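Read-outs throughout are calculated quantities, based only on the coordinates presented, and are distinct from any laboratory measurement. All figures in this text were calculated on a predicted structure; none of them were measured in a lab. Note that we place each Cβ from the backbone using ideal geometry, even for glycine, and neighbour counts take in every protein chain shown.
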Amino acid sequence: MFAIKLTLLMLGVLLYVSATACWFFWIGPCLLMDGESADIIGAFVGTCIWLLITFGMVIHVIKTARPTVGGR
């Protein structure tokens, strides 16, 4: 059971890091280089979505690591 959880964790980390690298080094700069307002809005929305996903993952990790804090 531990091996399955570790494999899923490593897969999730790999997907998150690769998606982050693609967004900040490939897709995001391409959208900003075009200079059209729709592309700039798309880059802003994509960055907001990335921030929401990151925030959700941080909250999930904190709640998973310490599930009994706050509730007795």
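Which three lengths, in whole Å and largest first, does the chain cover when its Cα atoms are put on their principal axes?
Principal extents (Cα only, largest first): 52, 30, 12 Å.
For GLU36 and MET57, compute 0.36 nm times the residue count separating them, minus their Cα-Cα distance, and round to one decimal in nm.
Additional length available on full extension: 4.4 nm.
Hey, what number do you get for the chain at 222 nm if only DSSP H runs of n ≥ 4 count, each worth -39500 (n - 2.57), divided across all residues, to the nearest 500?
-27000 deg cm²/dmol
Could you tell me the calculated FRET efficiency between THR47 and MET10, based on Cβ-Cβ distance and R0 = 25 angstrom, to the nearest 0.05?
E(calc), rounded to 0.05, equals 0.45.
Taking the chain as the reference, fit the longest principal axis to its C-alpha atoms, fit the long axis of helix 37-65 to the helix C-alpha atoms, and give the angle between the two in degrees, 0 to 90, nearest 10.
The two axes meet at around 10 degrees.
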